[in-house]
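Visitor: Would you mind keeping the following structure in view while I ask a few things?
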Amino acid sequence: MTLAVNPPIQQKPLSVDEFLARYGDNNRYELIDGEVFDLEPTGPHEEVAAFITTKICVQIDSVGLPWFVLQRGLLRPSGTGMTAFRPDVAVVDRAELTREPLWADQSILTLGSSIKFVAEVVSSNWQNDYARKVEDYAVLGIPEYWIADCAGLGGTRHIGKPKQPTLSICTLVNGEYAIQQLRGNQRIISPTFPDLQLTAEQVLKPGRQLR
């Protein structure tokens, strides 16, 4: 097992190629505008991402969709040379992969059309999930984006006051995300997976239902 280390203080912004050379084999980092961010994959963080993956996989299998869940692959938007997102959970359309120029050799996607759904589990770098990725994932045309803020870390403008665990469901409407905030036993309505039977709390605290 490779031990993760914090990225060194950057002397200059990194290009995607420089980022891949240094961190390409370490899935705890992503690159945004040349800056390396630690995704801080703690145990609870990974538990939530795994729970979402499990439930989504059941939906994909039950309907027989030609999709699969990619965890920790890179999304390198075409036309940008200094950004490489690493979504916690991404649902990929196999039919689109023939158009992906890097996929045959690397776990890297460049086209938003390849992704049907994405989820991020919020860490201390919450600004990226609530601001930058909301904007960029919408521009890429990703139909549905979940922000699972298990510890209520986001700013009050995003999750309200007092802060509390919140699941934000972002649905693409006319090129922008309409955002619905869910908490507690509020049921998730997913346009991508309409048969999904989950509440916000089940996603935000997946271990609770086992106690």
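Visitor: Quick check: Cα centre of the range 83-130 to Cα centre of the range 136-211, how many Å?
Guide: Answer, in whole Å: 18.
Visitor: Still on this structure: Ranking Ser62, Ser168, Ser15 by Cβ neighbours within 10 Å, fewest first, what do you get?
Guide: Working: Ser62 10, Ser168 23, Ser15 15.
The order, fewest Cβ neighbours first, is Ser62, Ser15, Ser168.
Visitor: Where a ≥ b ≥ c are the square roots of the eigenvalues of the C-alpha gyration tensor, would you call the range 95-200 rounded, which needs a/c under 1.5, or, failing that, prolate if a/b is larger than b/c, or oblate? Intermediate results must be reported in sequence, preceding the final value.
Guide: Values: a/c = 2.13, a/b = 1.65, b/c = 1.30.
Note, shape of the range 95-200 comes out prolate.
Visitor: Follow-up question, since we're still on this one. Could you please rank Thr54, Thr80, placing first whichever residue has the fewest other Cβ atoms within 10 Å of its Cβ? Write down the numbers at each step before the final one.
Guide: On the way: Thr54 11, Thr80 14.
Final ranking by Cβ density, sparse to dense: Thr54, Thr80.
Visitor: Cross-chain or 8 or more residues apart, Cα under 27 Å: how many lysine pairs in the chain fit that? Count them up, please.
Guide: 12
Visitor: Determine the calculated [θ] at 222 nm for the chain from helices alone, applying -39500 (n - 2.57) to every DSSP H run no shorter than 4 residues and normalising by the residue count; nearest 500 deg cm²/dmol. Don't jump to the answer; show the numbers that get you there.
Guide: Numbers: 5 runs with 46 residues, N = 211.
Rounded to the nearest 500, the figure is -6000 deg cm²/dmol.
Visitor: Using the Kyte-Doolittle scale, which helices in the chain average at least -0.5 and also have C-alpha atoms spread 18 Å or more along the helix axis, with helices defined as whole DSSP H runs? Walk me through the numbers on the way to the answer.
Guide: Numbers: long enough: 43-63 (30 Å, 0.46).
Both cut-offs are met by 43-63.
Visitor: Among Lys161, Lys133, Lys205, Lys116, which comes first, then next, by fewest other beta-carbon atoms within 10 Å?
Guide: Values: Lys161 8, Lys133 23, Lys205 16, Lys116 20.
Lowest to highest Cβ neighbour count: Lys161, Lys205, Lys116, Lys133.
Since every read-out is calculated from the coordinates, none of them should be taken as a lab result. Every value quoted in this text rests on a predicted model; they were computed, and no experiment measured them. Cβ coordinates were reconstructed from backbone atoms using ideal geometry, including for glycine residues, and neighbour counts include every protein chain displayed.
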